[in-house]
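The values are calculated or read from the model by the stated rules, or taken from the named source; none is laboratory data. As the structure is a computational prediction, the values presented were derived from the model and not from experiment. We place every Cβ from the backbone using ideal geometry, glycine too, and count neighbours over all the protein chains shown.
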Amino acid sequence: MIRRALPLLFVLLCSVSLLVGVKQLSWAQLFAGSTDAWLTLTASRLPRLAALVLAGVGLSLCGVILQHIVRNKFVEPATTGGLDAAKLGILLALTLTPEAGALGRMLFALVFCFACSLLFVAIIGRLRVQHSVLVPVIGLMYGSVLSAIAEFHAYRHNILQNMQGWLLGDFSRVVQGNYEVIYLILPIVLLTYLYAQRFTVLGMGQDTARNLGINYVATASLGLLLVSVTVSVTVICVGAIPFVGLVIPNLVALQFGENLQRTLPIIALSGASLLVACDILGRVLIYPFEVPIGLTAGGLGGVLFLALILWTRR
Amino acid sequence: MITLKHIHKAYAGKTVLHNVSVQFPTRQLTSLIGPNGAGKSTLLMLIARLLKPCSGEILINGRNAAHYRVSEYARQVATLRQHPQFSLRLTLEELVAFGRFPHSRGALNEEDRQQIDTAIGFLGLDHLRGAYIDELSGGQRQMAFLAMTIAQQTDYLLLDEPLNNLDMKHAVQIMRALRRLCDEQGRTVILVVHDINFAANYSDHILALQGGAVRFCGPVAEVVTRSRLQALYGLDFEILRSERGFVCNYFNPSDQEREHEQG
C-alpha cells in the first residue's frame with residue numbers, strides 16, 4: 001500500500017511546491033501562456049524543486065550508505081562529523097583562496113569531508129566496546145571538535161555571522177544560474193544503485209564481505225566518497241540539513257527491510273518527499289516570509305527521530 | 001585438497017600456532033577439536049584468509065591461497081562465522097541470495113535462483129523464506145546463515161563453532177546437513193566443534209590441537225580413544241561404542257580415578 005501511495009504523494013507534493021510562493025502562480029496562468037508566470041516557473045520554482053528533490057534523495061542515500069559502512073543505525077553526515085568537516089573545508093577555502101569560486105569551495109569541502117569520514121570509520125573500527133549509542137556520541141563529539149575549529153577560524157577572520165547565515169539550510173537562494181552544481185548528485189545516485197548490493201554486504205561486516213569476495217576497504221572508501229560528494233554539494237548549494245539521512249533510512253528499514261537493491265528507490269522517494277514537504281511548510285508558516293528548511297527539517301526530523309527511538313525500543 | 005605447510009601464527013608476540021602441517025582430506029568432514037586457546041579458530045580463520053599466517057603456506061588445490069584474488073577465493077571457500085552482531089534487516093531469502101554474490105556479482109540469473117531454492121530446500125527452511133532474520137530464533141538464524149554458505153556452492157566449507165548456543169535438535173539438524181553435503185554433494189567440510197560427541201559421531205576425520213600444535217590427527221575410528229582424549233582434555237573418559245555410534249562420557253570420574261585423586 002505504502003509503496004503505491006508514495007509516488008502519488010511525491011507527485012502531489014511536487015505540484016503543490018510549484019504553486020506555493022510569494023509570487024502568485026496558477027495552472028490557469030501557465031495554460032494561458034503568460035510569460036511572467038512561465039518565467040517564475042522556470043527561473044525559480046523548477047530550480048528550487050529540482051534542488052529540493054536532489055538534496056532529499058542525496059541526503060537520505062548518504063545516511064543509508066553511512067549506516068551500512070559503520071553498521072550503526074544512528075549515523076548520518078550530521079552525526080559523524082561529515083557535515084562539520086565540509087563546513088571547515090568551505091571556510092578554509094573562503095579564507096585561503098577567496099577567488100576560487102563555488103567549485104573550489106566544493107573541492108575543499110569534498111576533500112575535508114572524505115578525509116574526516118575515513119578517519120571516523122577508522123576510529124570506530126578500533127573501538128573495543130561496541131555499543132550502538134556510543135558510535136553517534138563519538139561522532140557528535142568528533143563533529144563538535146571540527147566545528148569548534150571552524151568557528152575559531154571564522155572568528156579570527158571575522159566571518160562568523162556570515163558563516164552561520166549560509167550554513168543554515170535554505171532553499172530561498174536557489175534560482176536559475178546558481179544551483180546547477182547540485183546536479184552532481186544525479187551520477188552519485190546512479191552509482192549508489194549500481195553498488196547497492198555491495199553496500200548491503202558491507203552492512204554484514206568485514207569478514208562476511210571478504211567471504212563473499214568483496215574488497216571491503218575499496219568498497220567502503222567508495223561509499224564514503226559518494227557520501228562526501230553529496231554532502232559537500234548540498235552544503236555549498238543549500239546549506240546544512242540535518243536528520244533527513246537519519247530518519248528516512250530507519251523508517252524505510254522498519255517497513256521494508258534493508259536489502260538496498262529493493263529499498264533504495266523507496267528511500268530516495270521518501271527523502272525527496274520529506275524535504276519537499278518541509279520546504280512547503282517553511283514557505284507557508286509565516287507567509288509571505290520563509291522559515292529556512294534547516295529549521296523545519298531539523299524540527300520535523302527531530303520529532304520523527306524521537307518517535308523512532310521510542311517505537312523501536314518497545 | 002587443502003594443505004597446510006609449517007604454519008606459524010602469533011598475535012602481539014604470543015604464539016598461537018606453531019609449525020602446523022596438516023592435510024584435510026577432500027570430500028570428507030573434518031572436525032577441529034581441542035581445549036580453549038588451542039588455536040582451532042585461528043587455524044580455520046587462516047584457511048578462510050580472514051587472518052594471515054606469519055610464516056608457512058596454505059595450499060588450496062595445490063595453489064597458494066595467498067595468490068587467489070578475493071573474488072576468486074569466494075568461489076572456492078565459504079566461511080560461516082558466528083554472527084552475534086548481525087543487525088541487518090533482511091529476509092531469509094534475501095540473505096541466502098547474497099550467498100550467490102561471488103558468482104552473480106549482484107545480478108541474479110536463473111541458475112542463481114535455482115541454487116537459492118535448492119539451498120533453502122536442503123535445510124527445510126521453505127516456510128521461513130519471507131521471515132526477517134532478526135525475528136528468527138537462534139537455531140533458525142544459524143540454519144539461515146548455513147543456507148547462505150551452501151548457496152555459495154564452494155568445494156570447501158569452513159564453519160567456526162556452528163553449534164554454539166543451539167539446542168540439541170538444531171545441533172543435530174546442522175550436523176546431519178553437513179554430513180549430507182559431504183555424502184551427497186561431495187563437498188569438503190571443516191568445522192571447529194567443542195562437543196566431542198558431535199565430532200565423534202558425524203566426522204570422518206578429526207584434527208586435535210593443543211597449545212598451538214597438532215596433538216593427533218586421523219580417521220575417527222583411530223583417534224577417538226580413551227587415552228588420546230584423556231591426554232587432550234585432562235579429563236577421565238569412558239568411550240562406549242554401539243551400532244548407533246560413540247558416546248564419550250567424561251562427566252564424572254570413574255571410582256578408580258576418584259580414589260587416585262583423593263589418595
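Here are some notes:
- When we screen A:G294, A:G245 for residues that are in contact with a Cys (Cβ under 8 Å, 6 or more places away or on another chain) and assigned to a helix (DSSP H, G or I), the only hit is A:G245.
- The residues of the range B:97-149 that are of a type in the set (V, I, T), free of Cβ contacts under 8 Å to residues at least 60 places away in the same chain and within 22 Å of B:D167 (Cα to Cα), listed by number, are B:I120, B:I133.
- Verdict on A:G223 being more than 30 Å from B:R141 (Cα to Cα) and either part of a helix (DSSP H, G or I) or basic (K, R) (or both): no
- Number of residues in the range A:261-314 that are under 13 Å from A:S172 (Cβ atoms) and of a type in the set (G, A, S): the value is 2.
So that you can scan it fast, the table gives a plain yes or no per residue for (1) touching a strand residue (DSSP E or B) at 6+ places or on another chain (Cβ under 6 Å); (2) surrounded by fewer than 13 Cβ atoms within 10 Å (Cβ to Cβ); (3) modelled with pLDDT of 85 or more:
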residue: A:L8; (1), (2), (3): no, yes, yes
residue: A:G21; (1), (2), (3): no, no, no
residue: A:T35; (1), (2), (3): no, yes, no
residue: A:A43; (1), (2), (3): no, no, no
residue: A:R48; (1), (2), (3): no, no, yes
residue: A:L54; (1), (2), (3): no, no, yes
residue: A:R71; (1), (2), (3): no, no, yes
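- With a requirement of 1 or more residues that are out of contact with any helix residue (DSSP H, G or I) (no Cβ under 9 Å at 6 or more places or on another chain), the helices (runs of 4 or more DSSP H) lying completely within the range A:1-82 that satisfy it span A:2-19, A:27-32, A:35-40.
- Within the range A:156-175, the set of residues being in a loop (DSSP other than H, G, I, E, B) and either free of Cβ contacts under 8 Å to residues at least 12 places away in the same chain or not small (G, A, S) (or both) comprises A:H157, A:N158, A:I159, A:D170, A:F171, A:R173, A:V174, A:V175.
- Check on A:G223, away from every other protein chain (no Cβ under 14 Å), of a type outside the set (S, T, Y) and crowded, with 22+ Cβ neighbours inside 10 Å: yes
- Per-region count, the range B:74-107, residues outside any loop (DSSP other than H, G, I, E, B) and either charged (D, E, K, R) or at the interface with another protein chain (Cβ under 7 Å from one of its Cβ atoms) (or both): 8
- Selection of first residues in the range A:1-26 that are in contact (Cβ under 8 Å) with a residue 60 or more places away in the chain and closer than 19 Å to A:A43 by Cβ and of second residues that are of a type in the set (G, A, S) and surrounded by 11 or more Cβ atoms within 10 Å (Cβ to Cβ), restricted to Cβ pairs under 8 Å at least 6 apart or on distinct chains, gives the following pairs, ordered by first then second residue: A:G21/A:S44.
- Test result for A:K87, touching a residue at least 12 places away in the same chain (Cβ under 8 Å) and within 21 Å of the chain's Cα centre (by Cα): yes
- The range B:129-160, subset more than 14 Å from chain A (Cβ to nearest Cβ) and surrounded by fewer than 19 Cβ atoms within 10 Å (Cβ to Cβ), residue nearest to B:D204 (Cα to Cα): B:D155
- Screening the range B:108-128 for residues that are crowded, with 17+ Cβ neighbours inside 10 Å and not hydrophobic (A, V, I, L, M, F, W, C) and picking the one that is farthest from the other protein chains (Cβ to nearest Cβ) gives B:Q115.
- Within the range B:45-73, being assigned to a loop (DSSP other than H, G, I, E, B), touching a helix residue (DSSP H, G or I) at 6+ places or on another chain (Cβ under 9 Å) and within 14 Å of another protein chain (Cβ to nearest Cβ) holds for B:A48, B:R49, B:L50, B:L51, B:K52.
- Residue check for B:R179: basic (K, R) and touching a strand residue (DSSP E or B) at 6+ places or on another chain (Cβ under 6 Å): no
- Within the range B:171-197, the set of residues being touching a helix residue (DSSP H, G or I) at 6+ places or on another chain (Cβ under 6 Å), over 20 Å from B:R75 (Cα atoms) and surrounded by 18 or more Cβ atoms within 10 Å (Cβ to Cβ) comprises B:M175, B:V192, B:V193.
- Applying the condition of being in contact with a His (Cβ under 9 Å, 6 or more places away or on another chain) and among the hydrophobic types (A, V, I, L, M, F, W, C) to the range B:17-33 and asking which residue is nearest to B:E57 (Cα to Cα) yields B:V20.
A quick yes/no check of all residues on (1) polar (S, T, N, Q); (2) more than 14 Å from chain B (Cβ to nearest Cβ); (3) surrounded by fewer than 23 Cβ atoms within 10 Å (Cβ to Cβ):
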| site | (1), (2), (3) |
| --- | --- |
| A:S147 | yes, yes, yes |
| A:A150 | no, yes, no |
| A:G165 | no, yes, yes |
| A:S172 | yes, yes, yes |
| A:G177 | no, yes, yes |
| A:F199 | no, no, no |
| A:D207 | no, no, yes |
| A:I214 | no, no, no |
| A:A218 | no, no, yes |
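- Of the candidates A:L251, A:L246, A:L191, A:L186, the single residue that is surrounded by fewer than 22 Cβ atoms within 10 Å (Cβ to Cβ) and more than 14 Å from chain B (Cβ to nearest Cβ) is A:L186.
- Scope the range B:1-44; condition in a strand (DSSP E or B), of a type in the set (D, E, K, R) and surrounded by fewer than 21 Cβ atoms within 10 Å (Cβ to Cβ); matching residues: B:K5, B:K14
- Any hit, the range A:153-163, residues being of a type outside the set (V, I, T) and at pLDDT 90 or above: no
- First in the range B:218-245 and within 17 Å of B:R258 (Cα to Cα), second anywhere and of a type in the set (K, R), Cβ under 6 Å, 6 or more apart: B:F237/B:R226
- Candidate set from the range A:254-264 (those that are closer than 15 Å to A:L66 by Cα and within 9 Å of chain B (Cβ to nearest Cβ)); member that is surrounded by the most Cβ atoms within 10 Å (Cβ to Cβ): A:E258
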